[in-house]
1. Do any helices (runs of 4 or more DSSP H) entirely within region 341-389 hold 1 or more residues that are open to solvent by 20 Å² or more (accessible area, probe 1.4 Å) and polar (S, T, N, Q), and if so, which?
2. Looking at (1) out of contact with any Asp or Glu (no Cβ under 6 Å at 6 or more places or on another chain); (2) surrounded by fewer than 19 Cβ atoms within 10 Å (Cβ to Cβ); (3) farther than 16 Å from H169 by Cα, can you tell me which one R66 breaks?
3. Quick one: is K131 under 31 Å from the mean Cα position of the chain (by Cα), modelled with pLDDT of 90 or more, basic (K, R) and farther than 24 Å from I41 by Cα?
4. If we scan region 455-476, do we find a residue that is within 14 Å of T496 (Cβ to Cβ) and among the polar types (S, T, N, Q)?
5. For residues that are touching a residue at least 40 places away in the same chain (Cβ under 8 Å), open to solvent by less than 20 Å² (accessible area, probe 1.4 Å) and assigned to a helix (DSSP H, G or I), scanning just region 104-126, find the one that is farthest from T191 (Cα to Cα).
6. Within region 433-444, identify whether any single residue is touching a strand residue (DSSP E or B) at 6+ places or on another chain (Cβ under 8 Å), of a type in the set (D, E) and surrounded by 21 or more Cβ atoms within 10 Å (Cβ to Cβ), and answer yes or no.
7. Collect the residues in region 258-275 that are modelled with pLDDT of 80 or more, in a loop (DSSP other than H, G, I, E, B) and touching a Phe, Trp or Tyr at 6+ places or on another chain (Cβ under 8 Å), keeping them in residue-number order.
8. Quick check on this structure: which one of F185, F156 is open to solvent by 30 Å² or more (accessible area, probe 1.4 Å) and either outside any helix (DSSP H, G or I) or not hydroxyl-bearing (S, T, Y) (or both)?
Amino acid sequence: MDGMPRKIIYEKENGAIMEGYMKYDDLKTYYDSNISNMNEILNRIEKDIVDARDSQNVPIYMTRARVKDIDSCYLKTKRKNKIDIDTITDMIGLRILCLFEQDIFDVYQYLLTMLNREVYTLKEILVYGWKKDSIVPIDFMQKEFNKFDRYSKVKFEDIYRDNGYQSIHFVGLYKDFHQNIEYSFEIQLRTLLQDVWGELEHKLAYKQKNPHQFIRQSFMRLSKSLETNDMLITHLKSFIDESLCGIDPISFSVGNVYKYEDQRLPEIFKQPEIEPILTKYNKLILKADVLKDKAILKAAYSAYKELISSCMKHAKYKFDDSDFIYWKEMEEAFFKVINEEFTDAIRIYEKYLDSSYVSAFRLGQIYFHQKNHIEALKKFDQCFEILDHESLQINKMKLYVNMALIFWNLGTEYLISAVESIDKAIENSKECDERDLEVLYNSACYYYMECLLNERCCNKVEDTHEKSEAYYNILKELVDKFQGEGKYARKHTYDTLAWYNYNKYILSGKQDIVHIEKAHDYMLLMNNGIMPVVQYYSHEAIQQSHMQKIKCEFSKI
């Protein structure tokens, strides 16, 4: 049989099995009969994947999809010694690329769930060249795979490749129940850098029968280099997630508890028997918000339940009191958010979205926490559309301060929006106590100073120098007042005052020694400062960076 064409077995449109020698025309007949169906199924599979990215936030960077063209298929039958069209598992092929290796974790789990649907029949999972110490280890893949009863007879294989190839292949069948036909497909999952290697290797070496040893060794070295870069990128992302991008405004800090307008408070709260219970609850919830103590939070929730029960047993209670229902559900949603039960919190806040600016802002915070920035900003816009002249000024101030923090979290491109929010917060600061003012002017001083150091922002914001200095002086006066009363400011406040003086020293060409001395003095006070509700890794890292720079310059004078 040497030198003779191989045979092909393929199914014609009428379902008859046809055997014959492997000819190009045979493949063409098969393609003519099936190409339309294969393209339709390709589109369905890709839609399942893209929908997961767009609606479920599955971290898919991009997809590639194709029906194998007839020339490639014909060459593969020769190269792979195929005699049955069904043995070509990638007639329908899709490739999913992730930016980061850790994203493989979520996409892999999603694909296992997707392929468990009735239209899919998973045949095998082939894991090529995966390292034992990978961020997504092979043991994890096996464990997740074993959770599905339907996959009990599906092959899971860890395949070593000495050329450096890394990829996860899902091989299966897709059934069109309407036409009662099945087609084979293959989904490849890998990172972007793994794909770069795959494309280069496929183009330069894959189709060579016996590539030169130098070529093989070079691709192996390239694979290790790209693997190192993949790990570096992953670690970089983790660092960013834990630092600047990890600042999480949903972890409620001082200034996040909003007061109810008088017209929204239930009448029953004015009853003499209820007022002491309400006062007890308010003190506990404020204390829990400030200290983030689980025991106090538990006590606050018990007080909330006691308050609800007492109101409902009171003779003046009305079961259809809309203000009472609103207050009860808003407080319940607040507890849900603190406990990160976001789905339940969203359900409650959505009920009052059109009439409650706090509901809109809370939803924005939740979406921001979930990295859904577009939806978050839309909800923040809705919040400020609902705000009107009857809204409490103290609430407006807090909302604008928190909005400035959110813009700052988004990066320097949003710094102008941050200072604009601070300006609006200052306009609504008449009802603030001293601690609220400390938070406000600490933010104002810091953001305007950031703006001063950013040339693009400085050129677009009026009076940057004057305002940064004015807010520094107000903040300094507050700190001096606290000190005269034997109190300490917040740690962030000392950091801002120190950082302001450090930058004034730098901007003076390191000539104004007084500023670096003040910076050093405030830096020393940071150890005594009141800790914020949550000392984020990012805040701590920024403060440590400030301290190092101040120490370095101070040591030179």
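The values are calculated or read from the model by the stated rules, or taken from the named source; none is laboratory data. What you see is a predicted model, and the numbers here were worked out from it, not measured in a lab. Positions of Cβ are backbone-derived with ideal geometry, glycine not excepted, and every protein chain shown enters the neighbour counts. Ligands, DNA and RNA are stripped out before the accessible areas are found, and what is left, the full protein with its side chains, is counted by its heavy atoms. Shrake-Rupley method; radii C 1.70, N 1.55, O 1.52, S 1.80 Å.
1. Correct list: 342-351, 373-386.
2. (3)
3. The answer is no for K131.
4. yes
5. Checking each candidate, the answer is M114.
6. yes
7. Let us first name the residues in region 258-275 that are modelled with pLDDT of 80 or more, namely 265-275.
Keeping just the survivors that are in a loop (DSSP other than H, G, I, E, B) gives 265-266, 271-274.
Listed by number, the residues that qualify are L265, P266.
8. Only one candidate passes the filter, namely F156.
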